[in-house]
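Novice: Handing you this structure, nothing more for now.
The values are calculated or read from the model by the stated rules, or taken from the named source; none is laboratory data. Values in this document were obtained by computation on a predicted structure and should not be read as measured data. Neighbour counts run over all protein chains shown; Cβ positions are idealised from the backbone, glycine included. Accessible surface is based on the protein model in full, side chains and every heavy atom, while ligands, DNA and RNA are left aside. Shrake-Rupley method; radii C 1.70, N 1.55, O 1.52, S 1.80 Å.
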Amino acid sequence: ARVEAAAGRQLADVAALAQRAVDRPRNLGFALSGTTLPGKSAPSFTLGAGEIEMGMGIHGEPGIWRDKLKPADTLADEMLDRLLAEAPPDGKRVALLVNSLGATPLEELYILYRRLAAQLTAKGYAVVLPLVGRYTTSMEMAGASVTISFLDDELELLLQAPADCPFWMVK
């Protein structure tokens, strides 16, 4: 929206664009461990060895289920099914963000990305902006989140506009 504001667009247009950008993404994460928030002496929640929690919040809010750890492809498929169930009807071009919650290494994120991108393609979606890394973390929390942003032409153009700031660089 800042690019649009700098281009001299009216405030109402910039606000409508910003609202559209907020309304289009869908996000879901899973945790393999809790996080210890600043000022606290213990993690916000704990998981047993080999356990996972799907749908938890980045600050430790309860998820939608807790169970034994499952294979990466099984997790990716469930996350994608849940996210696509909420997809807008007009967004077949997507930005796909696979994010480490802090302690998950890049290599493991790429395992998730591989499956998600293949499944999206098989379902008729085009991944036009893949993002894999640490974008929104919760200290040393092990886990990942997946965000699919359903793009229109204008949002795609703006998302790919040159930017240079911490954790977000597009050239």
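Novice: Evaluate the following for R93: is it open to solvent by 90 Å² or more (accessible area, probe 1.4 Å) and either touching a residue at least 24 places away in the same chain (Cβ under 8 Å) or of a type in the set (S, T, Y) (or both)?
Specialist: Judged against the criteria, R93 is a match.
Novice: Considering the range 55-90 alone, what residues qualify as being free of Cβ contacts under 8 Å to residues at least 40 places away in the same chain, outside any loop (DSSP other than H, G, I, E, B) and within 16 Å of the chain's Cα centre (by Cα)?
Specialist: Correct list: E78, D81.
Novice: Going by the structure shown, is A49 open to solvent by 20 Å² or more (accessible area, probe 1.4 Å), over 30 Å from L155 (Cα atoms) and at pLDDT 90 or above?
Specialist: yes
Novice: Then there's this: Please enumerate the residues belonging to the range 113-140 that are among the small types (G, A, S) and either surrounded by 15 or more Cβ atoms within 10 Å (Cβ to Cβ) or under 15 Å from the mean Cα position of the chain (by Cα) (or both).
Specialist: Passing the criteria: A117, G133, S138.
Novice: Kindly evaluate D77 against the criterion of being charged (D, E, K, R) and either surrounded by fewer than 15 Cβ atoms within 10 Å (Cβ to Cβ) or touching a strand residue (DSSP E or B) at 6+ places or on another chain (Cβ under 7 Å) (or both).
Specialist: In short, no.
Novice: Within the range 141-164, which residues are open to solvent by less than 60 Å² (accessible area, probe 1.4 Å) and part of a strand (DSSP E or B)?
Specialist: Those that are open to solvent by less than 60 Å² (accessible area, probe 1.4 Å) and part of a strand (DSSP E or B): M141, G143, A144, S145, V146, T147, I148, S149, F150, L151, A163.
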